[in-house]
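Colleague: Supplied in structure tokens, the structure appears directly below.
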Amino acid sequence: MADESIFDKKKSHRAKHAGRKAEKKKKKNQVDQSNLSARQRNPKAFAIQSAVRAERQFRRREDVISKKQHIPQVDKTPLEPPPIIVAVVGPPRVGKTTLINNLIKSFIKTNVTSTNGPITIVTSKKRRITLIECNNDVNSMIDIAKCADLVLLLCDASFGFEMEIFEFLNICQVHGMPKIMGVLTHLDMIKNAKTLKTTKKTLKHRFWTEVYPGAKLFYLSGIIHGEYLRNEIKNLSRFISVMKFRPLSWRMTHAYVLADRLEDITSQEHIRKDPKVNRDVVLYGYVRGVPLMKESMVHIAGVGDMKISELSYLPDPCPLPSNEKKRHLMERERQIYAPFSGVGGIVYDKDAVYIELKGSHSHKQEDEETNEKKALLKNVVETRETVDEQMQESGFKLFSGGAVIYPDMIKDDEYLQQDKSQPSSDDSSSEGEESESENDSGIDQSEKDTTAKNSKLPWDNGSGSETEDGNDNGDDTDNVLNQEDNNEDSDGEESDEDVENNEDFSAKWKEKLGEKATMAYFDRQRTSKNIMKLVYGEFEIGKKTKEDTQEDDESDEEEIGGLFKKVTSSQKKKQKEKEQLDVDECSFFYALDKPNLRDWSSDEYKHLLINNFVTGKRSADEDASELLKLDDASDGDDEELFGDFEDLETGEKHVSQEENDTAKAGAKRKAEPTKSEILDKKMKLKAKFDAEYDNPDDHRIKGDHSYYESLKAEALKQSELNKSVFENLDDGLRVEVEGYRPGLYVRMLFKNMPSEFATNFDSSYPILIGALNMAEQNIGFVSCKVKKHRWYRKILKTNDPLIISLGWRRFQTLPIYSKIEDDLKCRYLKYTPEHVTCNMHFYGPITPQNTGFLALQSVSSNSNEIKQVGFRIAATGSVNEINKSTQIVKKLKLIGTPLKIYKKTAFIKDMFTTTLEVAKFEGARVKTVSGIRGQIKKALNKPEGAFRATFEDKILMSDIVFCRTWFKVDVTKFYAPVVNLLLPVGSKNAWQGMKTKGQLKRERDIKSDANTDSMYKDIVREPKVFKPLSIPKELQKGLPYRFKPKEKTATPTGKSNKDKFTNRIAVIKSPYEQKVTNVMKMLKTNFEKKKEIQKELTAERLQKHKKQQEEEEWRRLKRQKELKKKICRHLNKMASKKKPQM
């Protein structure tokens, strides 16, 4: 039986994994992945594979972001900013003028004959640019770098970067780096394509090294008919139009004007009497930087410090176009303003200003607008028929093949007349009221009729969204109610005249439209949840509305009494309902059917509001304390830790607080939530937390940039506040309070201007007027940190005249270089160190700290001098401190010699000249050459300047005594501004200030006298002879024998041991002894001769033997070579025999 039960067991169902049904099921359960991103479709592929790599990528991304970040600055640009100054800079003959002409033609579609001075053009709806060409003068380059917003740096690609480009880049780095774009010209001079590509790459990387990696470099490939290619110029002009600029610190704290117009308003009578009389000059230009104040001191670069006598603003000569929404500028809005170039009706010459008046026949040449106006007036004057008559005669065709339709044909048409007569009674009365209400809104009547059904009534006390809807649709509701009133008027008239049979269906649907709309609105309000209704209940401010409506009715009757006919009772009722709907806005929700207000101060209504506030009782899912307790309750460990327990020592039982709390809360609150509800709440809180702190966009870890964002927000808030402060003031009052804000076109009058400025005016040189702050008007001692430029060939010498460009000024001064010691002393340096910064003190204008400056030794553009010097910028640096006085000290060694020596005391002479000098140095330390230290005590009466000094040890008469002191060096008070604009035309680039002594000697061919002390001489030193050691005889007696002097090694006269035998008696030999001596001499001579002969013979023998050995060696080598040849031949023969024959 058991076996049978096994066989009766049914198989379990196996679902199909293949086939049509299985595929259908898969498709049914499959999620639509068409809208999913790659990360959502395959999350494993985007998961973090390596934590180290993820960290590295995160760090790199954060580094890139932090490099892009900069400290947010407050945007001080006005609503109408001044034109952007675009300077075209480059060496001569690179195409600067051609580029300016092409850019002007690209922007405003007109040609300009000359490009002198600033040229202002309107380029777009919100941007104007001022083009200015920089000539090849270092003064112009400095002034342009101080005011330019964008620099187009032109370079001849066939030649490469020239020295002027590097000089200008260094000037920009010092005075505030503007935006720089490079432009390569003359590329068509390079014929080989490979060479052209290499040249472009080389110049691009060199340009990146000087400016910054990735700086924009444009290529102008060639010139056709005197112009660059149109697409290349268009591309360049687009980049100029969209360029963004970062404010520079100096320009954001100073106002400045680049003058684009000049007038000499001096009386001609004064000029006739004295041509050199000081002039009254008027300069015009746009204010830039910060607001310019009246009667402020300014510095005109190349002239000097001046005071503005009169300052006023003028209408903008080149205004921005209107604020209409349009894509492109109209032709008449593409304006150009360039007085120095003769554009705009004014031409400036060396002697006079010419104004174009168009001549006596200018009335014959009129523009198109005046011609059109005249033609229209002529047509109006010549018409002899009225408009109605002309309309009757005119006709039109609906279709191309159809007949012409005239007004008479429309009058005779019965169908059209019938349609007109039906709604005329309804529309006639409502035309007057509707015309006024519809004029303001730009919606047609047909649109209003269609939207009237769905429009909401203006209930002002609803929720936020309902209030907005009500406000938006208020006009439509008024129109609906007006239509209803008018319809009732027409119905009343028809009932009086017994014309009820002519009512149409179109008039029936309008009956009781206001009531229907009101009821529909109430239905919606009952079903929808209103926050105000839930909190405050339903209220009605009927008393107030009734009083208001009564007052309004009385006033209306007084105002309009007698003008219109009396309205019917139904119209009054409708009007009351309408006014009740249009009551004042209130935070309560009220209804028409509830006229009584609730007194919320009574106790019976207070319980409705108590639990709606923070202090009221709440449900378990809203109370924070209960949620925290439930949080603890969800953790099983906490229940075990803080449950019931008994103290074993005292026997006291402790019951958990939760039981008591729940017992108390049970009476007051609802039942406690279950554990599943608690977990659901936790999951919701976690999801909320994840949504706030995770990155659902790309699911990547991002850094915290909240601090940077807060800084940006603060800067933006401050800029908006700055713009809104003076926004609503009148222009005259605003100018008095704020000053002449940037963007205004101002007229500045300067009195007592040097006459050379007007007579020698050259429009190719920029006139930069920079405002000076209060502190910058003073002159004092300035301490700077300076470093000699590594490309400048010579080192700089103290007290050599140096031209410094600091702030708005260019001036010549005499600097003193120094180095700060460890004890904070400024030690005098004669020359600047090679590759290290040092301090520089000079007498000049007081300038704020950290202001950059550059130094030149000459600003003249003499070609020979430039070739000799090479790079003209001598040094760069920045201001350290501003002191009215400065302290620089120099080492000074005072030398003296002993006069008399008394053990450790000595009298010293030749160090000082007077007793007063000695008195100043009492207590000073002195030192001898041998290192014995001492101190100056008191002055002696005779000789003058001698003093008594004490030392550590007894000094010698031959010792030299030194006194090391620090001597104060004064800075020379010399300040000479560079006034190159006062020089004659053609020599403005040859300003020469103070010359060095070396320059003067070279010019006048004066040779300096040689100083004998500085010449090199042969030093002859005599040997030092010391006295012999003399031991007194008494002391010799007590000495042992070995220490007693035996023999004198040296005499007092200094004679040697050989000389001591000269005074002895000579020994005379006998004749026999003389013969023996002679024989011995002969033998000695003979022996020496034999020795010499033997040496010579030995040398010959050795030479001969050496020769024989060499010959034998050569023969041996020859034999070995022959033997090697024989062996090799034999081996070759053996090898050839062994090879098998082919």
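No value in this document is a laboratory result; all are computed from the given coordinates. As the structure is a computational prediction, the values presented were derived from the model and not from experiment. Virtual Cβ from ideal backbone geometry, glycine too; neighbours counted across all protein chains shown.
Colleague: Tell me, what ³J(HN,Hα) does each residue in the stretch 803-810 have, in order and in whole Hz, if you take phi through Karplus 6.51 cos²θ - 1.76 cosθ + 1.60 with θ = phi - 60° and put x for Gly and Pro?
Modeller: Listing the rounded values in order: 8, 10, 9, 9, x, 7, 9, 10 Hz.
Colleague: For the cross-link pairs Lys968/Lys997; Lys797/Lys1007; Lys825/Lys954; Lys867/Lys891; Lys67/Lys234; Lys216/Lys794, which exceed 30 Å when the distance is taken from alpha carbon to alpha carbon?
Modeller: Lys825/Lys954; Lys867/Lys891; Lys67/Lys234; Lys216/Lys794
Colleague: Shifting gears a bit: Under the Karplus relation 6.51 cos²θ - 1.76 cosθ + 1.60, θ = phi - 60°, what is the ordered set of whole-Hz ³J(HN,Hα) values for the stretch 749-764, x standing for Gly and Pro?
Modeller: Per residue, the Karplus-derived 3J(HN,Hα) values read 9, 10, 9, 6, 7, x, 5, 5, 5, 7, 6, 9, 5, 10, 6, 7 Hz.
Colleague: Let me understand the stretch 935-1039 better: what is its radius of gyration from the alpha carbons, and its Dmax, in angstrom?
Modeller: That works out to 30.4, 103 Å for Rg and Dmax.
Colleague: Please list, in chain and number order, the residues 5+ apart from Leu744 or on another chain whose amide H is under 5 Å from its amide H, with Hs placed from the backbone.
Modeller: So Leu744 has HN proximity to Val287.
Colleague: Check Val978: other-chain or 5+ apart residues with amide H under 5 Å from its amide H, H built from backbone geometry?
Modeller: The list, which skips near neighbours in sequence, is Arg810, Phe811, Gln812.
Colleague: To continue, here is another question. Calculate, for Thr202 and Ser676, the FRET efficiency according to 1/(1 + (r/R0)^6) with r their C-beta to C-beta distance and R0 45 Å; round to the nearest 0.05.
Modeller: 0.05
Colleague: Can you pull the Rg over Rh of the stretch 30-178, Cα-only, Kirkwood?
Modeller: Result for the stretch 30-178 is an Rg/Rh of 1.23.
Colleague: For the stretch 108-122, what does the Karplus curve 6.51 cos²θ - 1.76 cosθ + 1.60, with θ = phi - 60°, yield as ³J(HN,Hα) per residue in whole Hz, taken in order and with x for Gly and Pro?
Modeller: Result, ordered by residue: 10, 6, 9, 9, 10, 6, 10, 10, 7, x, x, 10, 9, 9, 8 Hz.
Colleague: I've got another one for you. Amide H to amide H under 5 Å from Tyr219: which residues, 5+ apart in sequence or cross-chain, H placed 1.01 Å off N in plane?
Modeller: Excluding prolines and chain starts, which carry no amide H, the hits are Leu184.
Colleague: Sticking with this one: Seen from all sides and averaged, what is the projected area of the convex hull of the Cα atoms in the stretch 239-315, in nm²?
Modeller: The number I arrive at for the stretch 239-315 is 7.6 nm².
Colleague: Find how much the distance from Ser312 to Leu716 grows on full extension, using 0.36 nm per residue of separation minus their present alpha carbon separation; answer in nm with one decimal.
Modeller: This chain segment gains 142.3 nm when fully extended.
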